[in-house]
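Below: one structure, written as structure tokens.
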Amino acid sequence: MKPCIYIDGAAGTTGLEIHGRLGGRDDIELLQISESERKDLSARTQLLNEVDVAVLCLPDEAARDAVARIRNPAVRVLDASTAHRISPGWTYGLPELEPGQRIAIREAKRVSNPGCYPTGFLALVRPLVRAEVIPSDFPLAVNAISGYSGGGKAMIEEFKNESSPRYTHSVVRSYALTLSHKHVPEMQMQAGLAHPPLFAPYVGRFYRGMIVEVPLQLWALRGNPNPAGIHNILEDAYAREPVIEVAPRDEIPATLDAEMLKNSDRMKLFVFGNERMGQVRLVAVLDNLGKGASGAAVQNINIMLGLPETAGLQ
């Protein structure tokens, strides 16, 4: 029999995108709830307990409640919210994070889908921490800009609906100025850092796409690496990865566009270095709704079910 999947919260931005990638596939069965029953707890609970994989595209508290409603021990959960990304007993759903991460995801009952900003940050930083080039107690900073779809329905209305009283004319907006963004604990824990990175996020007037950047002073790192050495570590880490590409060292565009990989489930990493200055800018470009959310969820579902990893990906 085909494995059954139910998306709880399929009407939201992430849920709709996951549904779009799974719909029409002939190797799974996608169960759906009627519009009249979408907020019916008993109907949702029944579906949550009938499937092979329950995908949660809900606010954090609702995701925790949904997990508590699952009594069937055979049901596996993929949570796309922030609720369980650093929780004990949950496997972090970034297959490229560690050499054994795919096996852990494949065997896990509970998988937490990564955040969009952490996906770019961890792809850039974790191999360098693992190689001990970046010490675990290094004071890292990360700058990033995302399309406004990352803020959910409320932010989409602010930027898109000109008739709404919430509509804004902002071109670029800085936020999380209290330095307490909910993604920071995830970044710190999954990168293996002793201290939280200093995170400076921005949102721009474009729907989807993002750039995540980690600047580094090479002279402050262990072993005084040069830009070529940093590039080699990342290139080796992702040499066989199907959705992560490390740009060649000589690929240095005049500018980088945050929408470069929109509508794609890929991620591209760049190492821009100046050996004389002893500096590099590590940059990840991805779609915040693709590899940053829904594409990553489908990739994890495929791994959990033993299906081809890139099936349904864009």
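The values are calculated or read from the model by the stated rules, or taken from the named source; none is laboratory data. Because the structure is a prediction, the values reported are computed rather than measured. Quick reminder, even Gly has a Cβ in these numbers, built from the backbone with ideal geometry, and neighbours come from all protein chains shown.
In table form, for the structure just shown:
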read-out: Contacts under 6 angstrom Cβ, first residue in the range 97-120 being of a type in the set (Gly, Ala, Ser), partner part of a loop (DSSP other than H, G, I, E, B), 6 or more apart; value: SER112/HIS84; SER112/ARG85; SER112/TRP90; SER112/GLY93; GLY115/HIS183
read-out: Of all residues in the range 271-314 being under 17 Å from the mean Cα position of the chain (by Cα), surrounded by 24 or more Cβ atoms within 10 Å (Cβ to Cβ) and among the β-branched types (Val, Ile, Thr), the one that is nearest to LEU78 (Cα to Cα); value: ILE301
read-out: Some residue of the range 103-126 being polar (S, T, N, Q) and surrounded by fewer than 22 Cβ atoms within 10 Å (Cβ to Cβ); value: no
read-out: Answer residue from the range 189-244, given it is part of a loop (DSSP other than H, G, I, E, B), at pLDDT 95 or above and among the small types (Gly, Ala, Ser) and is surrounded by the most Cβ atoms within 10 Å (Cβ to Cβ) among those; value: GLY209
read-out: Top-ranked residue in the range 127-161 [being within 24 Å of GLY12 (Cβ to Cβ) and charged (D, E, K, R); ranked as surrounded by the fewest Cβ atoms within 10 Å (Cβ to Cβ)]; value: LYS153
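A quick yes/no check of all residues on (1) at positive phi; (2) within 14 Å of the chain's Cα centre (by Cα); (3) not in a loop (DSSP other than H, G, I, E, B):
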{"site": "ARG71", "(1), (2), (3)": "no, no, no"}
{"site": "LEU78", "(1), (2), (3)": "no, yes, yes"}
{"site": "HIS84", "(1), (2), (3)": "no, yes, no"}
{"site": "PRO88", "(1), (2), (3)": "no, no, no"}
{"site": "ILE103", "(1), (2), (3)": "no, no, yes"}
{"site": "PRO135", "(1), (2), (3)": "no, no, no"}
